[in-house]
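Working notes for the structure below.
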Amino acid sequence: AGDDSIAIPLAIMTSDDTHEGTVELLHKHTNFGMAEGQITLMKQEKVPAMMDNDGRFAFDQESGLVETKPHGHGDVHSLL
């Protein structure tokens, strides 16, 4: 038996690709039994994508725009 008064917070890092699906999943499953406010979603920003280890930017071949990608774990400190 445990102490039901203890609520351990859960932080989930998402991206543009996963955020809406994560929100829908949590809603569909009523936060998997976790209390409202116990789960924090942290959406990563996008940064320019590198093409190689020489630091060259990756460009979309059709639009010519710099490709972007989620920043990754480097965002965690600023998102907290």
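The values are calculated or read from the model by the stated rules, or taken from the named source; none is laboratory data. Model, not experiment: these values are computed from the prediction. Quick reminder, even Gly has a Cβ in these numbers, built from the backbone with ideal geometry, and neighbours come from all protein chains shown. Note: accessible area is taken over every heavy atom of the protein model, side chains too, but ligands, DNA and RNA are not part of it. Shrake-Rupley method; radii C 1.70, N 1.55, O 1.52, S 1.80 Å.
Descriptive notes on the structure:
- Failed condition for Q44, given (1) open to solvent by 60 Å² or more (accessible area, probe 1.4 Å); (2) at pLDDT below 90; (3) in contact with a strand residue (DSSP E or B) (Cβ under 7 Å, 6 or more places away or on another chain): (1)
- Within segment 26-69, considering residues that are assigned to a strand (DSSP E or B) and charged (D, E, K, R), the one nearest to I8 (Cα to Cα): K43
- Pairs linking a residue in segment 38-57 that is closer than 30 Å to I6 by Cα to a residue that is open to solvent by less than 100 Å² (accessible area, probe 1.4 Å) and among the charged types (D, E, K, R), with Cβ atoms under 6 Å and 6 or more positions apart or on different chains, are Q44/D75.
- Across segment 1-41, the qualifying residues are those that are over 26 Å from G72 (Cα atoms) and either touching an Asp or Glu at 6+ places or on another chain (Cβ under 7 Å) or of a type in the set (S, T, Y) (or both), and the one among them that is surrounded by the most Cβ atoms within 10 Å (Cβ to Cβ) is T30.
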